[in-house]
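The values are calculated or read from the model by the stated rules, or taken from the named source; none is laboratory data. As the structure is a prediction and not an experimental result, all values here were calculated from the model. Every residue, glycine as well, gets a Cβ built from its backbone with ideal geometry; the counts of neighbours run over all protein chains shown.
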Amino acid sequence: MKLPFLVNQKLTNVQAVVRKQIVERIDKTMELKAPTPPKAGWIRTIREALGMSGTQLGERLNLTRNQISILERKEAAGTITLNQLQQIAEGLNADLVYAVVPRKSIEETLEDRATEIAHSILEMSHQNMFLEAQQLSKVKQHESTQMLINELKNAGGKVLWRTYIGENRK
């Protein structure tokens, strides 16, 4: 089944190799298990573990004790910026580690998205065919769904992340 919106959307060999390398790198991050942040936040927890006062940390960063206290509260509230965290990490002789870790592998996410789109597209088609008494058998419906899923996956990411007419948005 060829759909007009998928024409000329296949990845080139170079794009496919680059994408594969990126996917492998991202999938490795799934092995990371981020520790649960302490209730008081990492800044205060590490500072206290080092036996360092807020004033002493402030002196190391050319900030006041009050500014350190504000930053600690911002971290605990989730409103601190990455730049601010990086600056404080330097003062604590620590590294800021930042990552967005996918809940599923990239391939699973792409498969799920292609399946979602295929079902959305084919649902409309099957409804029209039913109304015209041309409904496909369950086997043929399954085959057409699998073909469309494969076609969507082969077309690449941009096709997968468009919003389609009739698509159920959560």
Count, please, the residues in the range 13-44 that happen to be surrounded by 15 or more Cβ atoms within 10 Å (Cβ to Cβ), under 27 Å from Asn93 (Cβ atoms) and among the β-branched types (Val, Ile, Thr). 1
For Arg44, only one of the following conditions fails: (1) part of a loop (DSSP other than H, G, I, E, B); (2) more than 30 Å from Lys153 (Cβ to Cβ); (3) charged (D, E, K, R). What is its number? (1)
Given the structure, is Asn66 surrounded by fewer than 14 Cβ atoms within 10 Å (Cβ to Cβ), outside any loop (DSSP other than H, G, I, E, B) and over 25 Å from the mean Cα position of the chain (by Cα)? yes
If I ask for residues that are charged (D, E, K, R), modelled with pLDDT of 85 or more and in contact with an Asp or Glu (Cβ under 9 Å, 6 or more places away or on another chain), which ones from the range 99-157 would you list? Lys104, Glu107, Glu116
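Mind listing just one residue for me: the one in the range 47-56 that is in a helix (DSSP H, G or I) and out of contact with any Lys or Arg (no Cβ under 6 Å at 6 or more places or on another chain) and, of those, surrounded by the fewest Cβ atoms within 10 Å (Cβ to Cβ)?
Per the stated criteria, the residue is Ala49.
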